[in-house]
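The values are calculated or read from the model by the stated rules, or taken from the named source; none is laboratory data. Computed from a prediction, not measured in an experiment: that's the story for all the values here. Cβ: placed from backbone, ideal geometry, glycine included. Neighbour counts: every protein chain shown. We work out accessible area using only protein heavy atoms, side chains counted, and drop any ligands, DNA or RNA first. Shrake-Rupley method; radii C 1.70, N 1.55, O 1.52, S 1.80 Å.
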Amino acid sequence: MPGGSVYSGLVTDPDLSGLAEAAELAHTAHRVVVLTGAGMSAESGVPTFREAQTGLWERYSPEQLATEDAWFADPDLVWSWYQWRARLVRSCSPNAGHQAIAAWQRVLGNPGAGSLVISTQNVDDLHERAGADVLAHLHGSLFDYRCADCGTPADHDPGSMGGKESGPAGPSAPAAGSEADLEQLLRLSPPQCTACGTGRLRPGIVWFGEMLPEQALEDTYSALEDCDLAVVVGTSALVQPAASLPYVALGAGAAVVEVNPEVTEFSTAATVHVAGTAASVLPALARSVLG
Ligand code: OAD
């Protein structure tokens, strides 16, 4: 199933022509919503989904891994793949973009300053590890688990192998997130639920065909309806309903800055498109606020 190497970063030649206008919008905004997608974490070493060669859906089949049918067909495969992704994320660190958003959030969190909320499609925890509060994980989290049968939430450490096979440990063990790590994890089975005793744990990810968490979506809509600036970072704007969220901000009269080295479905509607990466553009926007 796997092929190619694990994604290791994005090489771009950024055209930052919209940056001055975006920085001015950031400087004057008091109620900010930041919407993030996979590109937000690309410079941390977390693969995106749809980019040629490096994207996860270019190398692995979403039908085999990210649907309820896939789970019923082969729970071991699905479990192992998400354990691999969780371990890969654990081995990565927040980048300068995550740090900039966290710093910006702290400043707007001062009394009377305003607010900055984050709503992400990402299932990683890099915003949190940069010190930010995340309002909504629209597509769930790699670090949440629940019973596939009774729905009871459960703790599980993806660092521990769990399941039927613990595999080798020590200096000869493959690096977390490497292809060899995935090969080894493919021998895992999802642990049994301790609440009902019969079901198996599944990852708390929103799979294709499943509903988004209602509260997360509602909270995001409310924040967008009341913001004066939305910043959309690193999403191809192809997956609904997340792709329609920037239009809620536009409809409420807010400006929308898109940060993405590539043009997306949303770019022509954006107030400003800054054609640079998260780790290069977001620190500049935050600086315009922090002084
Ligand atoms: P995609 O892989 O579809 O898009 C990633 C976007 O990030 C692309 O538009 C890239 O140009 C951009 N990008 C790449 N590197 C970047 C960087 N350093 N800085 C800024 N932007 C960069 O990822 P998403 O749009 O997030 O769902 O995908 C949406 C959903 O599809 C995911 O949440 C996932 C997937 O199926 C689930 O897992 C439920």
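Its Cα gyration tensor gives region 214-291 an equivalent ellipsoid, and the semi-axes of that ellipsoid, as √(5λ) in whole Å with the largest first, are 20, 16, 11. Rounded to two decimals, the Cα radius of gyration of region 82-230 over 2.2 N^0.38 Å is 1.23. The charge dipole of region 58-143, taken about the Cα centre with unit charges on the Cβ atoms of Lys, Arg (+1) and Asp, Glu (-1), comes to about 500 debye, rounded to the nearest 20. For region 89-137, the relative contact order works out to 42 percent when only alpha carbon pairs closer than 8 Å and six or more residues apart are counted. Compactness check for region 155-291: Cα Rg over 2.2 N^0.38 Å is 1.47. Separation of region 60-83 and region 226-280, taken as the distance between their Cα centroids, equals 30 angstrom.
The modelled label-to-label distance for the pair THR152/GLU218, using points 7 Å beyond Cα in the direction of Cβ, is 2.7 nm. Region 120-146 and region 87-105 have Cα centres separated by 11 Å. Ordering ALA26, GLY209, ALA96 by Cα displacement along the dipole of the chain toward the positive end leaves ALA96 in first place; charges were set at the Cβ atoms of Lys, Arg (+1) and Asp, Glu (-1). Placing +1 on each Lys and Arg Cβ and -1 on each Asp and Glu Cβ, with no other charges, gives the chain a dipole about its Cα centre of roughly 600 debye.
For region 41-91, the alpha carbon convex hull comes to 71 Å³ per residue, rounded to a whole number. Here the peptides 222-228, 95-101, 137-143, 35-41 are ranked by packing, the mean other Cβ count within 10 Å, and the order with the highest first is 35-41, 95-101, 137-143, 222-228.
Out of all Cα-Cα pairs in the chain, roughly what percent, to the nearest whole number, are more than 31 Å apart? Tail of P(r) above 31 Å: 29 percent of Cα pairs. Between the beta carbons of CYS196 and SER17, assuming R0 = 45 Å, the FRET efficiency works out to 0.20 to the nearest 0.05.
With the simple spin-label model, which puts each label point 7 Å out from Cα in the Cβ direction, the ASP74 to SER244 separation comes to 3.4 nm. Think of it as helices only: each DSSP H run of n ≥ 4 in the chain is worth -39500 (n - 2.57), and spread over all residues that comes to -9000 deg cm²/dmol at 222 nm. Accessible surface for the chain, divided over its residues, is 43 Å² per residue with a 1.4 Å probe. Share of the chain's accessible area from carbon and sulfur, percent, 1.4 Å? For the chain, the apolar C and S fraction of the accessible surface comes to 51 percent.
The orientation-averaged shadow of the Cα convex hull for region 1-160, equal to a quarter of the hull surface, comes to 11.5 nm².
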